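Heads up: the structure comes next, in structure tokens.
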Amino acid sequence: MANSLLPLFQAISSARDDRELRMRVMDAVGEHFGAQRWGIYLLDEEFQVAEVDVCGVPDVNGFVDCYEKFGRAVDPVMRYVLDRHAPAHEQLVLPSGGWKECELYRHCCGYYGHEHIMTGPIVGAGRLIGSIHFARVGDTPAFCTEELADLSALCLHLSASLATLQMRLTSLISPLEMRLTPRELQIAELVARGLKNAEIGAALWISQNSVKQALKRMFRKLNVSSRTEMVAQLHGVFGS
């Protein structure tokens with residue numbers, strides 16, 4: 001594990017948007033935490049996955065779908081993080097030997113060889129808006145107390161920077177745009193370009209069903225009933 005996270009904290013604070021922020025984190029955290037696989041998951045207001053960045057996992061879409069279908073509801077580490085807004089690893093929340101017996105391992109993580117996991121919270125407005133995950137594979141040691149402390153510090157900086165960037169974005173967008181989340185605006189822009197749900201999902205690394213559900217929410221927010229109406233209402237937002 002690297003000695004200091006200070007260079008990363010400085011890089012986080014100078015990111016110009018949330019995408020650059022996530023990329024700076026993704027580029028550095030794997031080595032620091034000695035993980036072979038890691039990722040950032042951002043959630044929408046309905047606690048559905050809106051943004052995903054993953055490194056080291058083969059078949060990323062398959063893993064995300066597996067976790068959403070079978071893992072999230074039985075994830076004891078994520079439950080701890082959600083309840084306390086504090087980072088955790090499997091040995092903190094499960095009894096000795098309990099990891100490979102739990103449903104998360106048997107139905108999801110075991111298929112991908114995740115022998116140890118650690119998760120930290122990304123928070124905003126008093127709720128969980130995302131999480132950062134780490135996994136070790138093969139004959140590797142579990143995450144330790146020092147790494148939990150480092151992850152806690154990282155999550156504080158990441159949460160604060162995301163909040164600052166969101167406030168900056170809110171000050172620049174129109175009242176109409178403010179009805180939609182940043183992810184929904186991305187989806188709307190791709191709809192305006194003529195992409196289908198499957199193509200939008202592939203471009204944004206989310207499932208086709210996630211796109212479908214997001215469009216339903218967007219239609220309700222904008223009081224429209226079709227993609228054409230939505231694009232017409234947002235005319236000018238994307239320079240079209």
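Please find, in a Gaussian network model of the chain (springs between Cα atoms separated by less than 10 Å), the residue of Ser210, Ser14, Ser161 whose mean-square fluctuation is greatest.
Evaluated over the chain, the most mobile residue of the options is Ser14.
For the chain, what is the charge dipole size about the Cα centre, in debye to the nearest 20, if Lys and Arg each add +1 at the Cβ and Asp and Glu each add -1 at the Cβ? Display every interim value, and only then the final one.
Numbers: 24 positive and 28 negative charges, 170 e Å.
Charge dipole of the chain: 820 debye, to the nearest 20.
Where does helix 145-170 land angle-wise versus the long Cα axis of the chain, in degrees 0 to 90, nearest 10?
Its long axis makes an angle of about 10 degrees.
Taking 7 Å along the Cα-to-C-beta vector as the label spot, tell me the Arg127-His235 distance in nanometres, rounded to one decimal.
Each label point lies 7 Å from its Cα, and together they span 3.4 nm.
Please identify which residues in region 107-139 have an amide N closer than 16 Å to a label point set 7 Å out from the Cα of Val60, following the Cα→Cβ vector.
Within reach of a label on Val60, which here means backbone N under 16 Å from a point 7 Å along Cα→Cβ, region 107-139 contributes 131-135.
Using a 10 angstrom cutoff on alpha carbons, build the Gaussian network for the chain and name the most mobile of Ala125, Ala11, Ala192.
Evaluated over the chain, the most mobile residue of the options is Ala125.
Cut-off 10 angstrom, C-alpha nodes, Gaussian network model of the chain. Which of Val29, Val74, Val123 fluctuates the most?
Val74
Along Cα→Cβ, 7 Å out, is where each label goes; now give me the distance between the ones at Thr145 and Arg16 in nm to one decimal.
4.4
Ignoring everything except DSSP H segments at least 4 long, calculate the 222 nm mean residue ellipticity for the chain; use -39,500 (n - 2.57) per segment, divide by total residues, nearest 500. Please list the in-between numbers first.
Numbers: 11 runs with 115 residues, N = 240.
Here the helix-only value at 222 nm equals -14500 deg cm²/dmol.
Quick check on the exposure proxy: order Cys55, Cys109 from fewest to most C-beta atoms within 10 angstrom.
Values: Cys55 15, Cys109 26.
Taking fewest neighbouring Cβ atoms as first place, the list is Cys55, Cys109.
Coordinate-derived values only; no laboratory data. Note that this is a predicted model, so its numbers are computed, not measured. FYI the Cβ positions are ideal-geometry reconstructions off the backbone, even for glycines, and counts take in every protein chain you see.
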